[in-house]
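I have placed the structure first, in the form of C-alpha cells, so that the comments after it can refer back to it.
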Amino acid sequence: MTILQIETPDNPVLRKKARPVKVFDTDLQILIDDMIETMRDANGVGLAGPQINQSLRLAVVETLPEYDEEGIEIEGSRELLVLVNPEIAWESRKIADGIEGCLSIPGWVGEVARHETIRVRALDRNGKKFRLRLKDWTARIVQHEIDHLNGILFIDRLTDPEKFWREDEFAAEQEEGTEEDIPIA
Ligand code: NI
C-alpha cells in the first residue's frame, strides 16, 4: 500500500465538486486501501478523494476506539466506513457545535455547527447500496467528508471567525482533565 500525498488549499482540487464513482475495478480497490493507509498514517479519522488529488465522490472514515476499564483499546471497537457516492438523505434539525480540524489544513482547528443526526445513502467499495443512521461524532465526520466532495472546507463553516485556533494553542488553553481528542478529517 502507498501513503498518498494530502493536498492543501493551494490545490484547486479541494474546491471542485467531485465526480461520482462509476467503475468499481481493481484500481478503485487499491485507491481505497491507499486512502485508509494514508488516513491512519496521518492520525486522521476521515479522508475524502479530493484530499488526495482524486476528484471522486469517495471517502473513508474511521471511528475512535473504545476503551475498557483499564484504558486498553477494545479490539474491533474501531469502525471503518468506506463511503462511495454518499448522499445525506435526512438531517436532524438539532445542531451541535464542536471542534474539528482537517488533514488538508494542518495545525488548525475551529468550531463548526453540524447536524446532530443524519441518514446517509451510499455505495460500498463493491458498488452495493447501503444506508446508515449516524449520530454525534460519526455524523460530524461524515458531514465533513461530504463537504469535501462538494468543495467545502470546515473553515467555510466556522460558527464564528474568532473560533479558529492553532491546534497547539487550543490544546494549551483546555482545562486540565477536559482535553478531548479533536477529530482531524
Ligand atoms: Ni478535511
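The values are calculated or read from the model by the stated rules, or taken from the named source; none is laboratory data. If you're wondering where the values come from, they're calculated on a predicted model, not measured in any experiment. Don't worry about glycine lacking a Cβ; one is built from the backbone with ideal geometry, like all the others, and counts go over all protein chains shown. Accessible surface is based on the protein model in full, side chains and every heavy atom, while ligands, DNA and RNA are left aside. Shrake-Rupley method; radii C 1.70, N 1.55, O 1.52, S 1.80 Å.
If you go through the range 1-26 and keep only what is part of a loop (DSSP other than H, G, I, E, B) and open to solvent by 100 Å² or more (accessible area, probe 1.4 Å), you end up with Met1, Gln5, Asp10, Lys16, Lys17, Lys22. For first residues located in the range 136-155 and over 11 Å from His115 (Cα atoms), partners that are within 11 Å of the ligand (Cβ to nearest atom) and in a helix (DSSP H, G or I) and lie 6+ apart or on another chain with Cβ distances below 6 Å form the pairs His148/Pro50.
For the range 38-52, the tally of residues that are in contact (Cβ under 8 Å) with a residue 24 or more places away in the chain, more than 11 Å from the ligand (Cβ to nearest atom) and surrounded by fewer than 24 Cβ atoms within 10 Å (Cβ to Cβ) stands at 4.
In the range 90-110, of all residues being of a type in the set (Val, Ile, Thr) and within 16 Å of the ligand (Cβ to nearest atom), the one that is nearest to Val13 (Cα to Cα) corresponds to Ile105.
The numbered conditions (1) buried (at least 22 other Cβ atoms within 10 Å of the Cβ); (2) away from the ligand (no atom under 14 Å from the Cβ) are all true for Val61 except (2).
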